[in-house]
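The values are calculated or read from the model by the stated rules, or taken from the named source; none is laboratory data. This is a predicted model, so every value here is computed, not measured. Glycine also receives a Cβ, built like all others from the backbone with ideal geometry; neighbour counts cover every protein chain displayed.
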Number of protein chains: 2
Amino acid sequence: MISAMELGGTKTVVAIGESDGTLIEEMRFPTSTPEDTLKTAIEWFSRKGTPEAMGIAAFGPVQINPKAENWGEMLATPKPNWSGFSITNALSEAFPEMEITLETDVNAACLAEARIGAAEGLENVAYITIGTGIGAGVLCDGRLLHGALHPEFGHVLLPRKSDDDFEGVCPFHGDCLEGMASGSAIAKRWQKSGDELPPDHPAWDTEAWYLAHGIQALLGIAPPERVVIGGGVSQAEGLHEKTEKQLIELAGGYFPAVGNSPYVVPPKLGQDAGIRGALMLTGLGC
Amino acid sequence: MISAMELGGTKTVVAIGESDGTLIEEMRFPTSTPEDTLKTAIEWFSRKGTPEAMGIAAFGPVQINPKAENWGEMLATPKPNWSGFSITNALSEAFPEMEITLETDVNAACLAEARIGAAEGLENVAYITIGTGIGAGVLCDGRLLHGALHPEFGHVLLPRKSDDDFEGVCPFHGDCLEGMASGSAIAKRWQKSGDELPPDHPAWDTEAWYLAHGIQALLGIAPPERVVIGGGVSQAEGLHEKTEKQLIELAGGYFPAVGNSPYVVPPKLGQDAGIRGALMLTGLGC
């Protein structure tokens, strides 16, 4: 039995399925304390059988390096009680023979969109998610990037739009990408949440402007053939097209990949990207 | 016989050695027309024997994707006569049995510095070179990054230093990293070349400021455990320390890797990094 868990800041998804991403059955429930969340997950899996492999897609920061001593541990996070908690210990205890593959939630979603979603068949794909914060998963040369810990795309530093005097909301960097363009930034800047702002509101030109600058950083470091933007804020009508248009202008013809329109696209797998990507993790091998 | 060639915009290096980077013999000569440069290289190799493998480190843009139809071809470059020229054709014709591995010059240098140089033993390393332009090679999770074409790190877009009204020199993007901090930018901004500016000149604070912002983009996408900065401009006394100090301030404690000082370091292999990395390419496997 192939299993998967997507551990999010607000909701958790458990599923059984296949390593090609096929979902057989899933259950969603609110993320509570670490102990209760894992207990609910383990009880659900146990009722289904004994999983031989599990892919886990987790919110971060989390130690995903299998060579690290604290592999599987949540690192310093503002989410109460989760810092220092091992996601993998209780699961290994419940299913001692089970092979666990652990990834960031954004990398898992990136993998799913690259294999069976909006960037199907491509080996160089970035998946950006814009919710309360901003994160990205990156597939480069067919492999998910990790590096030291894992990418924290939201914290790249960008030029400031010329008419923009918003100070930004990132407690670490002020006006980094997350500080200027996350859901929290939109809410503070416009005193309204993204879903209350109509498609022709200037908020979306500003949003597209910062996103395009962030994507040019991706082009300079791990150049994607296509960029998928998901997450609540990305559902604003026309945001992907606006961002691509802005990017084409910025890029100045320099990056051949950007010419292959559509370059900036919405996800195809919706809220299932993370859990389907987590199932696929079980088939990645080393 | 293991061989290597480093094809640079102004000089070319040919060598024989071992795939661990050991140099047995090398020759340096000015890069001239494509045909003459390759002819000189092939004559030199022929006198040494018949190479069974060759690693090539080339200036770009160059098609390094082995699956591409135009693999081995120089792409649109301002260097006269090189656009569309195949680096690999003449070599394959001269040595039909020889296996060729082609990389960017910066990726080759990155590999050498990560294996036997200033970042020895690390699997996540960025090598930035600052000369006329700015480029970077990136080793992430032990593999050199390519993505769509290859990274063009010089063209990431950064905030502008508050007291800086220099318009930048990049013909495509104006004030991207290369536009603000390359050797050409320094020369235009200060009307002096980098080696004429004393270590306490404000030019170097400005330089460190832009470099630190570029490194934070690396941390957000393919986080290095250490950053090696080489190239002519990097030889300014104290630039690496200044850049690290600036980066620590910017990063605001957010990226654990940055705390492992020294984080920003000069190369150890000097002008041999590229050719020794090219030798190592022959041992990379698929």
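Could you please find all residues in region B:1-42 being closer than 15 Å to B:Asn81 by Cβ, surrounded by 14 or more Cβ atoms within 10 Å (Cβ to Cβ) and in contact with a Lys or Arg (Cβ under 8 Å, 6 or more places away or on another chain)?
So in region B:1-42, the residues closer than 15 Å to B:Asn81 by Cβ come out as B:7, B:9-10, B:12, B:30-39.
With the extra rule that they be surrounded by 14 or more Cβ atoms within 10 Å (Cβ to Cβ), the set shrinks to B:7, B:9, B:12, B:31, B:34, B:37-39.
Residues satisfying the conditions are B:Gly9, B:Thr12, B:Thr31.
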Verdict on B:Arg276 being away from every other protein chain (no Cβ under 12 Å) and among the basic types (Lys, Arg): yes
Flagged pairs (Cβ under 9 angstrom, 6 or more apart or on separate chains; first in region B:105-125, free of Cβ contacts under 8 Å to residues at least 12 places away in the same chain; second part of a helix (DSSP H, G or I) and surrounded by fewer than 24 Cβ atoms within 10 Å (Cβ to Cβ)) are B:Gly121/B:Arg115
If you check B:Pro267 against the conditions, is it under 20 Å from the mean Cα position of the chain (by Cα), in contact (Cβ under 8 Å) with a residue 12 or more places away in the chain, part of a loop (DSSP other than H, G, I, E, B) and within 28 Å of A:Gly214 (Cβ to Cβ)? no
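Just to be sure before I move on: is B:Gly194 more than 11 Å from every other protein chain (Cβ to nearest Cβ), in contact with a helix residue (DSSP H, G or I) (Cβ under 8 Å, 6 or more places away or on another chain), crowded, with 21+ Cβ neighbours inside 10 Å and not β-branched (Val, Ile, Thr) in the structure I sent? Before you say what the answer is, go through the steps one by one.
Values: more than 11 Å from every other protein chain (Cβ to nearest Cβ): yes; in contact with a helix residue (DSSP H, G or I) (Cβ under 8 Å, 6 or more places away or on another chain): yes; crowded, with 21+ Cβ neighbours inside 10 Å: yes; not β-branched (Val, Ile, Thr): yes.
Yes: the conditions hold for B:Gly194.
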Which condition number in (1) under 26 Å from A:His146 (Cβ atoms); (2) away from chain A (no Cβ under 14 Å); (3) assigned to a helix (DSSP H, G or I); (4) more than 15 Å from the chain's Cα centre (by Cα) is the one that B:Lys245 fails? (1)
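Looking at A:Gly238, A:Gly252, A:Gly230, A:Gly274, which is the one that is modelled with pLDDT under 95 and either of a type outside the set (Lys, Arg) or surrounded by fewer than 17 Cβ atoms within 10 Å (Cβ to Cβ) (or both)?
Working: A:Gly238 fails: modelled with pLDDT under 95; A:Gly230 fails: modelled with pLDDT under 95; A:Gly274 fails: modelled with pLDDT under 95.
Result: A:Gly252 is the single residue among A:Gly238, A:Gly252, A:Gly230, A:Gly274 that is modelled with pLDDT under 95 and either of a type outside the set (Lys, Arg) or surrounded by fewer than 17 Cβ atoms within 10 Å (Cβ to Cβ) (or both).
Would you check if A:Pro199 is more than 25 Å from B:Phe255 (Cα to Cα), touching a residue at least 24 places away in the same chain (Cβ under 8 Å) and surrounded by fewer than 24 Cβ atoms within 10 Å (Cβ to Cβ)? Explain how you work it out, then say what you get.
Numbers: more than 25 Å from B:Phe255 (Cα to Cα): yes; touching a residue at least 24 places away in the same chain (Cβ under 8 Å): yes; surrounded by fewer than 24 Cβ atoms within 10 Å (Cβ to Cβ): yes.
For A:Pro199, the condition - more than 25 Å from B:Phe255 (Cα to Cα), touching a residue at least 24 places away in the same chain (Cβ under 8 Å) and surrounded by fewer than 24 Cβ atoms within 10 Å (Cβ to Cβ) - is met.
Condition first: surrounded by 23 or more Cβ atoms within 10 Å (Cβ to Cβ) and out of contact with any Asp or Glu (no Cβ under 6 Å at 6 or more places or on another chain). Can you find one or more residues in region A:75-90 that meet it? Reasoning before the result, please.
Of all residues in region A:75-90, those surrounded by 23 or more Cβ atoms within 10 Å (Cβ to Cβ) come to A:87.
With the extra rule that they be out of contact with any Asp or Glu (no Cβ under 6 Å at 6 or more places or on another chain), the set shrinks to A:87.
Yes, because at least one residue in region A:75-90 is surrounded by 23 or more Cβ atoms within 10 Å (Cβ to Cβ) and out of contact with any Asp or Glu (no Cβ under 6 Å at 6 or more places or on another chain).
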Out of B:Ala203, B:Ala222, B:Ala251, B:Ala187, I need the residue that is in contact with a Gly (Cβ under 8 Å, 6 or more places away or on another chain) and within 14 Å of chain A (Cβ to nearest Cβ). Which one? B:Ala222
For B:Glu43, which of the numbered conditions (1) touching a strand residue (DSSP E or B) at 6+ places or on another chain (Cβ under 6 Å); (2) modelled with pLDDT of 95 or more fails to hold? (1)
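So which of A:Gly142, A:Gly133, A:Gly174, A:Gly121 ends up being buried (at least 21 other Cβ atoms within 10 Å of the Cβ) and more than 7 Å from chain B (Cβ to nearest Cβ)?
On the way: A:Gly142 fails: buried (at least 21 other Cβ atoms within 10 Å of the Cβ); A:Gly174 fails: buried (at least 21 other Cβ atoms within 10 Å of the Cβ); A:Gly121 fails: buried (at least 21 other Cβ atoms within 10 Å of the Cβ).
A:Gly133 is the lone residue from the list that is buried (at least 21 other Cβ atoms within 10 Å of the Cβ) and more than 7 Å from chain B (Cβ to nearest Cβ).
Does B:Thr50 count as among the hydroxyl-bearing types (Ser, Thr, Tyr), closer than 21 Å to B:Gly283 by Cα, touching a residue at least 24 places away in the same chain (Cβ under 8 Å) and touching a strand residue (DSSP E or B) at 6+ places or on another chain (Cβ under 6 Å)?
Numbers: among the hydroxyl-bearing types (Ser, Thr, Tyr): yes; closer than 21 Å to B:Gly283 by Cα: yes; touching a residue at least 24 places away in the same chain (Cβ under 8 Å): yes; touching a strand residue (DSSP E or B) at 6+ places or on another chain (Cβ under 6 Å): no.
When the stated conditions are applied, B:Thr50 does not pass them.
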Quick one: which of A:Asp272, A:Asp205 is farther than 23 Å from A:Gly142 by Cα, charged (D, E, K, R) and either out of contact with any Pro (no Cβ under 8 Å at 6 or more places or on another chain) or not in a helix (DSSP H, G or I) (or both)? A:Asp205
Residue pairs meeting the criteria (Cβ under 6 Å; at least 6 apart or on separate chains; first within 23 Å of B:Cys176 (Cβ to Cβ) and of a type in the set (Gly, Ala, Ser), in region A:149-171; second modelled with pLDDT under 95 and in a loop (DSSP other than H, G, I, E, B)): A:Gly154/A:Gly133
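Tell me which residues, restricted to region B:26-59, are among the basic types (Lys, Arg) and either under 14 Å from B:Lys11 (Cβ atoms) or in contact with a Gly (Cβ under 6 Å, 6 or more places away or on another chain) (or both).
Applying the first criterion (among the basic types (Lys, Arg)) to region B:26-59 yields B:28, B:39, B:47-48.
Matches in region B:26-59: B:Arg28 only.
What number of residues in region B:135-174 are small (Gly, Ala, Ser), out of contact with any Leu (no Cβ under 6 Å at 6 or more places or on another chain) and not in a loop (DSSP other than H, G, I, E, B)? Before the answer, list the steps.
In the first step, residues of region B:135-174 are kept if they are small (Gly, Ala, Ser); the result is B:135-137, B:142, B:147-148, B:154, B:162, B:168, B:174.
If we keep only those that are out of contact with any Leu (no Cβ under 6 Å at 6 or more places or on another chain) too, we end up with B:135-137, B:142, B:147-148, B:162, B:168, B:174.
Cutting the leftovers down to not in a loop (DSSP other than H, G, I, E, B) gives us B:135-137, B:174.
Residues in region B:135-174 being small (Gly, Ala, Ser), out of contact with any Leu (no Cβ under 6 Å at 6 or more places or on another chain) and not in a loop (DSSP other than H, G, I, E, B): 4 in total.
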